[in-house]
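The values are calculated or read from the model by the stated rules, or taken from the named source; none is laboratory data. Treat the numbers as computed from the prediction; the structure is a model and nothing was measured. Note: ideal-geometry Cβ built from the backbone for every residue, glycine included; neighbour counts use all protein chains shown. The area values use the complete protein model at the heavy-atom level, side chains included, leaving out ligands, DNA and RNA. Shrake-Rupley method; radii C 1.70, N 1.55, O 1.52, S 1.80 Å.
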Amino acid sequence: MKALLIIISLLLCQMAIAQTDEGLLFMNGQKNPLPVSIYIDYKHAMVLYQTDGEIRKAIPIDLVDSIKLGSEKTFTKKFINQNSDLLVELVRGKNSLWIQEDRFMFYIEQNDTLRLINRKYLTLALPVIFGSSLMEEFKLRYRTEPSYTIGYFKSLVMFSNEKSGLVQVVPPENHSRIKGRFIIGPYLSFGTNSIAIKPTETGIKSGYYRSPQGAYGLIAGYKGRKAFDYEIQVYVNSMTHHHLKDSIHHEPPGEYGVIQTSKLTSFSSKQINFDGVIKYSFFYKTRRKFNPFVFAGPSFISVLSNKLSSSVRLYNVTLRRESYGEWTFGTDKNGFMVGLHAGLGFDYNINQKTSLAVYVKHQSFIYPTVDAAPPVNSPYGIRFDLYGRSTSAGLTMVYKM
């Protein structure tokens, strides 16, 4: 586990200094753009870029005219209170709508004047900018109240431009989270698994035994327009527990004067997990490099094989005789376990199409009843309930289609 965390940390450090998006950089006064790998550092008002075969360079936003990332998004430099910033245009017309993605702030441009729409004073600012009569007409037509969202502002600005009768332009989906996307990618996790076994015959539950576990598989889902994303994780999971020490002392039915000591010595299992995931992203409104999230959901587990080893010692009190036997046995059919899982993590957006997710997951499950085959003379070898819990660190890299 420690080794995995170290590897993940080193990987993220490397990626944090790596370039993120491919695009075109338009500098002030230059007609020909530079094809570059680029990252916008909003905190320090800098743009970091690198061309093929050259070292990374950093320039202030003041020296940038615009940045075009593929065919999806264009950042344009605007001066706000004598400071320059990079905004994304959502509507162009008599009234133009702009968004500052890092801070998720909206601006309305009228007659070359850029006005910030403060979330706190939203209901007061809109009638001043658009007029009270237009706001009332917009409210009656769309039956909506003011909200600090992309959808509301786009509808309002487009409505105001239509009323003016002037031409307007709406750039195609110029914001990373407007359009939902399907995702797919590999799944990998390492962690610890703990199991406890309760034989039906005695009803005595063993202690929990811990062992390492590893899993690999695929992840697919839908990254929605709102805060919630939906995923399904399908992966193969194996576990092996050795040197178990639980013992059960009891008197077998119909054998008066005989004391039986049954000991569970080892357990192994191979499963296919189907985990449904509902994920809540905190900064869903705008694309950031690091995006923390929490998640939870049900788990459905198909058990491919179980194998247990048990020893039985019989002592006849009357005859003062002792016998001993060992068995290794499995289950007579495949079974299913059900459970719940929850956790937290973060997405690291490498570029427009690819992101890396790192997370920690806790999972609890129960296997209602396991029948051993063939039955043997041991409570562990006839019928038992299996309880489990696991904690793992996972890594996925998804491609957004």
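Rounded to the nearest 10 square angstrom, Arg92 shows an accessible area of 110 square angstrom against a 1.4 Å probe. Ligands, DNA and RNA aside, Phe190 has an accessible area near 90 Å² when probed at 1.4 Å. Taking all protein chains together, Tyr216, Tyr121 sort by accessible area into Tyr216, Tyr121, largest first [probe 1.4 Å]. Per-residue accessible area (protein heavy atoms, 1.4 Å probe) orders His242, His362 as His242, His362, starting from the largest.
In the full protein context, region 51-140 carries 55 Å² of accessible surface per residue, based on a 1.4 Å probe and ignoring ligands, DNA and RNA. Projecting label points 7 angstrom from Cα along Cα→Cβ for Leu340 and Glu22 puts them 4.5 nm apart. Could you tell me what percent of the accessible area of region 92-164 is made up of carbon and sulfur, with a 1.4 Å probe and every protein chain present? Carbon-and-sulfur percentage of accessible area, whole number: 49.
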